[in-house]
1. Please report the spacing between the Cα centers of region 99-124 and region 59-82 in Å, no decimals.
2. Provide the descending list of Cα extents for region 172-252 along its principal axes, expressed in whole angstroms.
3. Do you know the relative contact order of the chain, to the nearest whole percent, from alpha carbon pairs under 8 angstrom that are 6+ apart?
4. Among 106, 207, which comes first, then next, by fewest other beta-carbon atoms within 10 Å?
5. Translational D (Stokes-Einstein, µm²/s) of the chain at 25 °C and 0.890 mPa s when Rh comes from the Kirkwood sum over C-alpha pairs?
6. Neighbouring Cβ atoms within 10 Å as the yardstick, rank 229, 197 fewest first.
7. Restricting attention to the alpha-carbon atoms of region 98-183, what are Rg (one decimal) and Dmax (integer), both in Å?
8. What's the whole-number percent of alpha carbon pairs in region 1-140 lying beyond 19 angstrom?
């Protein structure tokens with residue numbers, strides 16, 4: 001089999017990291033963790049499972065994940081987050097791919113769990129992710145948020161069977177805090193671009209985000225949590241443009 005490096009970035013992930021590590025043991029020839037100076041037991045848990053831990057200051061999601069890829073010993077990489085785990089079917093698919101690795105990249109569906117409930121609508125599934133790749137032809141871009149793996153040889157990824165389980169939020173308040181963080185980061189992007197934001201733009205963005213998530217993408221079929229998710233991401237859109245507009249307005253004074 002061709003050797004595979006599994007790489008992760010972490011910061012205070014003791015709640016979920018063990019589940020993730022257990023799911024990759026069978027397919028990993030090496031586990032590399034780039035940690036941003038965790039203050040909990042994350043590093044100890046990673047070392048318990050044989051991971052090589054490198055401590056580096058957080059530079060943004062894309063840049064940090066590129067750093068993790070650079071730390072790997074092998075060219076074939078599986079990049080996974082601490083709150084994710086391989087399903088048994090996906091694990092078997094990756095084991096089969098390790099016999100040949102004929103393509104630059106491989107993608108698979110991600111099943112997101114919200115308050116431990118699987119979410120199938122609202123644009124949350126299949127949520128296809130390209131995470132298995134040859135770093136000679138693919139790597140993460142350097143975006144601070146909405147980071148993505150780019151394939152330089154433009155070869156179409158092969159789709160693998162099985163889900164990547166993503167335990168995104170354990171509570172509604174956790175989701176709200178995460179979306180506030182993303183709103184601020186996305187606002188920073190708009191500020192750097194000096195985007196033109198009208199007074200009513202935040203309200204329009206909020207309205208259409210809710211409409212798109214809850215009705216067009218059928219978040220309504222996920223019941224109560226479908227509504228909560230739609231409302232929360234809509235609020236995030238409002239805050240993104242509201243924060244950016246306020247900051248740009250202050251800079252122009």
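1. Measuring centre to centre over Cα atoms gives 18 Å.
2. Result, largest extent first: 44, 24, 15 Å.
3. Details: 497 pairs, mean separation 47.2, N = 253.
This gives 19 percent for the chain.
4. Least crowded to most crowded, the residues run 207, 106.
5. Numbers: Rh = 19.4 Å.
Calculated translational D: 126 µm²/s.
6. 197, 229
7. 15.1, 44
8. Values: 4926 of 9730 pairs.
Considering region 1-140, 51 percent of its Cα-Cα pairs are separated by more than 19 Å.
Quick note: the coordinates plus some simple rules give every number you see, no bench work behind them. Here the structure is a predicted model, which means the values were calculated and not measured. Every residue, glycine among them, receives a Cβ derived from its backbone with ideal geometry; neighbour counts consider all protein chains shown.
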